[in-house]
Every structure is written in structure tokens, then in C-alpha cells.
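Colleague: Take a look at the following structure, please.
Taken together, the values in this text are just the output of simple stated rules run on the coordinates, not laboratory data. Fair warning: this is a prediction, and the values are worked out from it, not measured in the lab. Note: ideal-geometry Cβ built from the backbone for every residue, glycine included; neighbour counts use all protein chains shown.
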Amino acid sequence: MNLLEQYKELENKLESLIGDVKFSAEINLKLERIECLLELLGNPQDSFSVIHVGGTSGKGSTSSYISSILESDGYKTGLFLSPYLQVLNEVCLVEGCPVKTSELLDAYNEIEPLFMEVANRTKFGYPSYFEVKLALSLMLFKRKNIDVAVIEVGIGGTLDASNVLSTDVSVLVSVGLDHTEILGDTIEEIASDKVGIIKENGTVVCGFSQESTRKIALKRAEEKKATIFLIDRNFKYIYCNGKTSIQTENFCQHDLNLSIQGEHQAHNASCAIVAYEQFVKKHSKSFSHDAVIKGLSIAKIPGRSEIIQNQPTVILDGAHNPDKLSSFLKWLNELSAKPIIIMALKKGRKVNSEIPPILGNTGAKLIIATSFYNQGIWESMSSEDLSEEIKKNNNSDSTEVVKITDPLDAIKYALKVAHTDDVIAVTGSLFLVGDVREYWHPKEAILQLIENEDYGDWSNDDAVLLAAQSFARLDAEEEADGKSEAGS
């Protein structure tokens, strides 16, 4: 099998575990299955330390910051992220690089025979899609002899599969309205679920800002006899005119160079520093100021405030709930008073009703309502419906709203009408960002770079050649479509 065939087989096998359950309270959150599967695998998670990162917004960025700081301090680090942006390999990274497709496929084929035994033992059926991704990652982390894994929570906290792990430090980055169909309709209900990752006699870093949710975290910490470090009490950050200052127990630095931009990223970085601080303290290791500076400056996570092109500037950010979108658009307005925005949203989410009003206040000169290619159980809100919602909430006569259903057509149109000094922002869904990112970084090229252990190096010859081939294919398809339309 060639590389793409291997990848497709892996993708098909994993997606076969999704089933027909849609995004709702029907999702079967059970810890018994993952506990049983990990036991059958010999509990690989016991071979390394774990930092567990939960919350509503900023989990991925904070996890990436923590991992980067640890790597800069000499730790061999594993990073588990979910969901992935373009290829499945992105969920499992070792020392900043996704594992190879062949390694993931071999590991999957090893554990697949265990699914029936898990179902028979627990009476809760086969392990879920997320549970298998997590188990594969933990298994590969053990094989690669990592020192510490940074694990991003999937959904919630209390019943998330990752909550079976024993942790050195738990991190609660933020709390807001998201996954309300599962976690509850209020901030307080959601916070009560998120704080479920606080462990008995554990250490927790909490970035909650609302007084009501801070009380919930403090109560849980007291019940579990855990030590809690609260933002604005034990550590703080200041963000002003694009500059970040952070102060913690062992760290105080002004004008920090953050690899991921915006005030929300200053918040995430502060949580990451304290997580690292408490981790090395727990292991009686020294705190490295230089590792923090370096780690924050080189951390990478595609699709989060990612500037992928200049002249015009194109920014990709998967903000998909009101809090994330508000934070991203606040930073966007620092860069441009009248940006061009491309947006798609998941279908059927309650928070969708809150997002168009936020969008209507951006002062954008053009908003393109689009959709993303459906991903398993995830379906995109139609571009027609989104366009109508945006128009209803548009507060500016100077903002044009158009509908372009295909995401690649949307980015091509935006690039065509933009001036070199314009800013184009793609947001609303990580799935949309993944689809649009294909324009610059084709999936085939990413998989080959991972295979060559050159992930992230878009200057090498293989990447340039593969990207050029992909662009040629897209241009040929566009030309063929044009001829077809002309002849009809």
C-alpha cells in the first residue's frame, strides 16, 4: 500500500467506530470502556507523567505551549490533541512531530481484536472513536519512551475518556458555552463538569474568570484536598497594545514573544507557565526561565491565530463558540478595521444563534458565508442559512454578505477581491479551517512530510513539489469546471 492508501485505511477504520449517534446527549460517555481497553493494553499511561488540560476555550493552544516549554527544558514530550485539523496523525505528536501513518495503522491493527473483549466485559459496546484515538496515542507514547504526556480533554471533564489518567497537574483554561447539548445550558453547569478533572490531593491551575465558576473550582479543589492556583490571585497577565506581560511564582517577564497572537493567547500562555512551574516543582526539578521564553516563542498549533499568507494577510482560526469568536475578532480588529471574513458553523448547535450578532459588529467589509465538507457525525450549517442569519444581524450598511458554498471557492474568491493590504480571516469551525488550509498545505504533502520526519518544514523540496502538484490539480479542476459551465 502507498502512503495515501495506508492513511485512507486508518481513517476508514477509525471512522467506523463513530456509528450513527449525532452530536447530542445520546453520545455514550462511559469510562468503563477506556479503563478496560487500557488494562488490556497493559496500562501504557503508567509509563510516563501526565499533564491534563481541560476547559472550554484555549485547551489546544495551552497544551501546545506546555509541551513546547517542556521540550525546551529537555523533556521528551508527547502531545495528544483533539480534534485534528487535516490529518489524523495530528492527534498524536512526539517532540512536536505527528507519528507516522504506518505506526498509527500498525497500532490500530494490534488493538482492534480487543474491541469485542471490551464490549463483552463492560456491556457498553465497542470503544468509541475518541477512546481508540486516545488509547493509540498512549500506546505509542509508551513505545517512544516519552517523559511526560500533555493530554487535551475531548468533551467536558468528568466523563471524558482522558479522565481515567492519573495526573501530575490538571489545567482548567477557561469555561464558556459550548457542547451545551451534553454539558448543560449554563456556565455553572458546564464548569461543574469541567472541574471533574481535579484529582484527589492533586494540583490544579485554573484560568476561570467568572466569579461563579471560580467558586465551583475552589469548592471542588477543597473537596478533593487539591492545591489550586487561580488566575488573578496566584498568577496574572497583562495584554496591552499587542504586548504581553506575565507574572507567576517564579517568572516575571514583560513584552513576551508569543508564537500565537492575541489577548486570549496571553491568558493561555500564563496558564501554561504555571502548569510547567508546578510540574517541575512536583518532580523536584529546577524551573528554567530560558525554557519558558523559548517554548512560548516557538510553539506551533495550526489553525489557531495562524497567519498562513501575507499580502493579503490570511489568518486561520477555528474559533467556534461565542467566547472563542469574540476573543479572536477582538485581536482581528487590532490588525484590520475592515477585514474580510469567511465563516462556516456546525449544524444544530444552540450557540449558533449567538454567533451571528457577534459577527455583525466586526465592521468587516465582506463576510462570506460558506460550509465545510462534512466530517463523520459533524454536519455543516448550510451556507444559505448562515448567510441569512448574518444578514439579519448585520449592523453595518458597508458590510457586504455573500454566500459561497464550497470552502475552497470561498478562499479563492476572497483572494481575488482582496487588496494586498487587506486581512482575510477564516473562522467559525476547525473543520472549515482544515478544508481551507488545504489550499496552501495539501493533505498529501503533510502526510509525506510526516513520513520524511520534516513536519512543519515547508521550505524543503518535497513540500514545494507536492504543494505545486496540488495547486496544479486545483487549477485544472477549476478550468474544467469553467469549460463545463461555458458549454452548458
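Colleague: Which lysines, on any chain, are close to residue 100 with Cα under 17 Å apart, when same-chain ones fewer than 8 places away are left out?
Modeller: 8, 13, 133, 142, 144, 443
Colleague: Kindly rank 212-223, 401-412 from highest to lowest mean number of other beta carbons found within 10 Å of each residue.
Modeller: Per-residue mean Cβ counts within 10 Å order the peptides as 401-412, 212-223.
Colleague: Assigning unit charges at the beta carbon (Lys, Arg +1; Asp, Glu -1) and nothing else, what dipole magnitude in debye, to the nearest 20, does the stretch 306-437 show about its Cα centre?
Modeller: 120
Colleague: To continue, here is another question. If you add up the charges near residue 146, with Lys and Arg at +1 and Asp and Glu at -1, over every other residue whose beta carbon is less than 12 angstrom from its beta carbon, what do you get?
Modeller: Cβ neighbours under 12 Å give a net charge of +1.
Colleague: Going by amide H atoms built from the backbone, whose H comes under 5 Å of the H on residue 150, apart from near neighbours?
Modeller: Residues meeting the criterion, in which the H sits 1.01 Å from N, are 51, 78, 79, 80.
Colleague: For the chain, I need the span (max minus min coordinate) of the C-alpha atoms along each principal axis, in Å, sorted largest to smallest.
Modeller: Cα spread of the chain along its principal axes, largest to smallest: 68, 53, 44 Å.
Colleague: Let me ask you something else. Relative contact order for the stretch 3-298 using alpha-carbon pairs under 8 Å, separation at least 6, rounded to a whole percent?
Modeller: Computed value for the stretch 3-298: 23 percent relative contact order.
Colleague: Taking the highest mean first, how do the peptides 169-175, 390-396 order by number of other beta carbon atoms within 10 angstrom per residue?
Modeller: Going from most to least packed, we get 169-175, 390-396.
Colleague: Please say if the stretch 89-166 is rounded, prolate or oblate, where rounded means a/c under 1.5 for a ≥ b ≥ c the square roots of the C-alpha gyration tensor eigenvalues, and otherwise the choice is prolate for a/b larger than b/c and oblate otherwise?
Modeller: Oblate, because a/c is 1.5 or more while a/b does not exceed b/c.
Colleague: Answer with one residue from 6, 372, 298: the one whose Cα lies farthest towards the positive end of the charge dipole of the chain, charges on Cβ with Lys, Arg +1 and Asp, Glu -1.
Modeller: 298
Colleague: While we're looking at this one, here's another question. What order do you get for 123, 13 when you list them from fewest to most C-beta neighbours inside 10 Å?
Modeller: 123, 13
Colleague: If the cut-off is a Cα-Cα distance under 22 Å, which lysines reach residue 236, setting aside same-chain residues fewer than 8 apart in sequence?
Modeller: Straight-line reach from residue 236, under 22 Å: 59, 194, 215, 219, 281, 282, 294, 324, 330.
Colleague: In addition: Could you tell me which of rounded, prolate or oblate describes the stretch 306-437, using a ≥ b ≥ c as the square roots of the eigenvalues of the alpha-carbon gyration tensor, with rounded for a/c under 1.5 and, failing that, prolate when a/b is larger than b/c and oblate otherwise?
Modeller: Rounded.
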